[in-house]
Every structure is written in structure tokens, then in C-alpha cells.
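Note sheet for the following structure.
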Amino acid sequence: MTGQLGEDAAPIRVFLVDDHAVVRRGMRAFFDMLDDIDVMGEAGDGQSALDQLAAAAAKDELPDVVLMDLLMPRLDGVSATKAIKERYPGVEVVALTSFSEAERVHVALEAGAAGYLLKDAEADQVGAAVRAAQRGEVHLDPAVARKLTRSLVAPQQTATALTPREREILVLVAQGKSNRNIADALVISERTARTHVSNVLTKLGLASRTQAALWAVREGLVADP
């Protein structure tokens, strides 16, 4: 099984964070089979991850995507995710969770996670999540998404607060489209698309594209995954 690396494209740099060595070994073994994803490092807890990322930043060698376990000693995944997004906004974080911990994903998304995976996800889905995060797209594990949409607390604003164009933007975000995809679909500039996405999140009181996707599903603007 190999991912396809585009011409002149550098592999996606991934950093693994999980307190179970067997999980890290399994993910590393899978990524070693892919041409387009390289594992640049790993850590057994959030604090160790932050220490290693600080060293990487000093050498201008930050990863593109961090796969982050949520339950860990010393510093949990939510706190580590928040710190990473504050210090290195360009680094995307994908949360790893078990189905029984799904409620914890709410706070992970608020902390800035770009999506989430179940730990027992198929290998291909792990690769897809990393690629989606690197492109700035949302990746939701369908099973957890259904569970979360039923429990998502309603923001104060409703879709009526959005302009028709902003509702279009919200639907495209919920479909996992990147800013570039949105720009192409609506024949606008990527900068304008990015501004619209920011306005949508602000008006709805949401913290991330992933939260926007869940909200749109709950409001019936797009189909349940």
C-alpha cells in the first residue's frame, strides 16, 4: 500500500503523540508504507511533544500534522493541542480518541484540532485524515460525528445570522472543502474565501472548521456523515 506523491511535492511531515508505544509503532509502521507521509518524530505525552516541537521550531523543521492522543500523563492532548495552535498556528492537529471518549472531542475542537479519528480506524482512513489536515480540510470520523452532532450545544446564533453567500460557504466547509476548493467553486479569490470562512465562524461563535461542519449537520444544512 503506497500513497501517491505528486511531482515535486514534499512528503507530509507527521509527528505522533500517544502514551502507548504499541500505538505509535503501529502508526509508524503504516506510514512507512506510504510514499507521501513521513514520520519525523514521536512523543509519549503532551509535554514531551511540546519540548520536541520547540526544538524542531528552532531548526525550522516543524511537522505539518500532529496526531494527538487525548488521554495522556503529564500533559493531556487537549492542553497540548491548545499550546501547539497558539505557538505554531501552521501546524495542524488531528485528535485520536476511542469511541467511549467521544465527548472529549468537543474540547479538543475548541482547542484547535482540525479533526479526529477513532483509534481503531482503518489504516487508509488514518492516511486520509493526515492528508486532509495538511490541505486545511476537515476530517471527521463518521461514527463519532453522528454521536457528537446529537450532543453539540447550540451556539447563540442561527443560520439566519449569515448572508446567503456565507451559508454557501458554511455548506462547503461542512463538505470538507479547503479554502482553495471553496474559491474555485464560487469563482472568488482564495483570500476572499478565507475571509468568508472567518466571518462564518465568528458569527456563529464557533472555534474551528470542524465545529462548523458539525453545526451544519445538526442544523440540517448538510447530510449526516
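Bridging of Lys203 to lysines at a Cα separation below 29 Å is possible for Lys82, Lys85, Lys147, Lys177, once same-chain residues fewer than 8 apart are set aside.
Ordering of 165-174, 62-71 by packing is 62-71, 165-174, highest average first (other Cβ atoms within 10 Å, averaged per residue).
Taking amide H as placed 1.01 Å from N in the peptide plane, Leu117 has its amide H under 5 Å from the amide H of Ala95, Leu96, Thr97, each at least 5 places away in sequence or on another chain. The distance separating the Cα centre of segment 108-143 from that of segment 76-98 comes to 12 Å. Between the amide H of Ile12 and those of Ile37, Asp38, distances stay under 5 Å, these residues lying 5 or more places away or on another chain, with hydrogens modeled in the peptide plane.
With K and R counted +1 and D and E -1, the other residues having a Cβ less than 12 Å from that of Val200 yield a net charge of +3.
We did not get these values from a lab; they are worked out from the coordinates using the rules stated. What you see is a predicted model, and the numbers here were worked out from it, not measured in a lab. A quick note on method: Cβ atoms are made from the backbone with ideal geometry, for glycine too, and the neighbour counts reach across all protein chains shown.
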